[in-house]
1. Quick one: Arg81 ticks every box in (1) under 27 Å from Arg207 (Cα atoms); (2) in contact with a Pro (Cβ under 9 Å, 6 or more places away or on another chain) except a single one, so which number is it?
2. I'm trying to understand the selection: among the residues of segment 170-223, which are out of contact with any helix residue (DSSP H, G or I) (no Cβ under 9 Å at 6 or more places or on another chain), of a type in the set (S, T, N, Q) and under 19 Å from Val65 (Cα atoms)?
3. Yes or no: Ala9 surrounded by 15 or more Cβ atoms within 10 Å (Cβ to Cβ) and in contact (Cβ under 8 Å) with a residue 12 or more places away in the chain?
4. If you take the residues in segment 137-163 that are among the aliphatic types (A, V, I, L, M) and part of a loop (DSSP other than H, G, I, E, B), which one is nearest to Val200 (Cα to Cα)?
5. Of the residues Ala43, Ala54, only one is surrounded by 20 or more Cβ atoms within 10 Å (Cβ to Cβ), in contact with an Asp or Glu (Cβ under 8 Å, 6 or more places away or on another chain) and farther than 17 Å from Gln190 by Cα; which?
6. What are the pairs with Cβ atoms under 7 angstrom where one residue, in segment 222-248, is under 17 Å from Glu160 (Cα atoms) and the other, located anywhere, is at pLDDT 95 or above and charged (D, E, K, R)? Sequence gap at least six, or different chains.
7. Select from segment 13-29 the residues that are of a type outside the set (A, V, I, L, M) and within 15 Å of the chain's Cα centre (by Cα) and list them in ascending order.
8. Which of the residues spanning segment 161-182 are over 23 Å from Trp130 (Cβ atoms) and in contact (Cβ under 8 Å) with a residue 60 or more places away in the chain?
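The values are calculated or read from the model by the stated rules, or taken from the named source; none is laboratory data. Since this is a predicted model, take the numbers as computed values, not measurements. With ideal geometry, Cβ positions are generated from the backbone for all residues, glycine too; neighbour counts draw on all protein chains shown.
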Amino acid sequence: MKAMSEAHAIPYQASPLPAPAASVLVVAPHPDDEVFGCGGASALYAKAGARVQALLLTDGGLFGVPPPGMGIVEARKEEARRAAAVLGCQPPEFGPYADRGLQAGAELAAFIAGYARRFAVDVLLAPSPWEVHPDHRAAAQAAIDAAGQLGEGVVLVQYEVGAPLLPNVLVDITAVWQRKQEAMACFASQLAMQKYDRQVEALNVFRTYTLPQQVEVAEAFRVATPQQARDDPFGLEFAGRVHPVARK
């Protein structure tokens, strides 16, 4: 068996963006995943002039401490709107599904693909299959299926929230880190229950482990064509894992 260098297993250079794009759709299981998972990349895309739209699949109604006089679903939608504005993204779209109610399958894949076609996206950002929350896993599989429907003109970019993935792209988000912090702070109903912002910061700092010293925080992604995502959804094939589309 041929020996493999470290660079085959994880990038040793940072990328400015996960992949080139003029239009980006961020698929998120709950309001806040789009920020905790890939808020830095979204801010970088928006800064570069891309149209960045989040599709928040569930209402997030099972978890959080809303402000007085406001229900948790209403609170989380408002938090997501404020966070999108901080990142420079479009106001988010909201799906019809209940928290912990996502089911991977043809219906959800078609729903995601429909939004991707509506916005003529080049890049589809979605959770990775390594996630442990059932809504995250359902969204990950549905996004893989949706990318297959959309064809080879769309790049699937998988991001991490609650579980690390095997990345082939590490994006330097140092320049927009303050903006991501401000966006995370918008989710007061969630931060009252758990220090997600602190945990995300720890993950983003850890992701600089193999990167040059000037990179202070980074987000990790698995970039794949629809065919690659279908054949190898978890990114387990190490050889040649840095996809050329991410280095253009």
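1. (1)
2. Result: Gln194, single match.
3. Values: surrounded by 15 or more Cβ atoms within 10 Å (Cβ to Cβ): yes; in contact (Cβ under 8 Å) with a residue 12 or more places away in the chain: yes.
Yes, satisfied.
4. Within segment 137-163, the subset among the aliphatic types (A, V, I, L, M) is 138-140, 142-144, 146-147, 150, 154-157, 161, 163.
Now drop any that are not part of a loop (DSSP other than H, G, I, E, B), which leaves 154, 161, 163.
Working: Val154: 27, Val161: 8, Ala163: 11 Å.
Restricting to residues being among the aliphatic types (A, V, I, L, M) and part of a loop (DSSP other than H, G, I, E, B), the top hit is Val161.
5. Values: Ala43 fails: in contact with an Asp or Glu (Cβ under 8 Å, 6 or more places away or on another chain).
After applying the criteria, what remains is Ala54.
6. Gly235/Arg222
7. The initial filter retains those residues of segment 13-29 that are of a type outside the set (A, V, I, L, M), namely 13, 15-16, 18, 20, 23, 29.
Correct list: Pro18, Ser23, Pro29.
8. Filtering segment 161-182 for residues over 23 Å from Trp130 (Cβ atoms) gives 174-179, 181-182.
Result: Ala175, Val176, Trp177, Arg179, Glu182.
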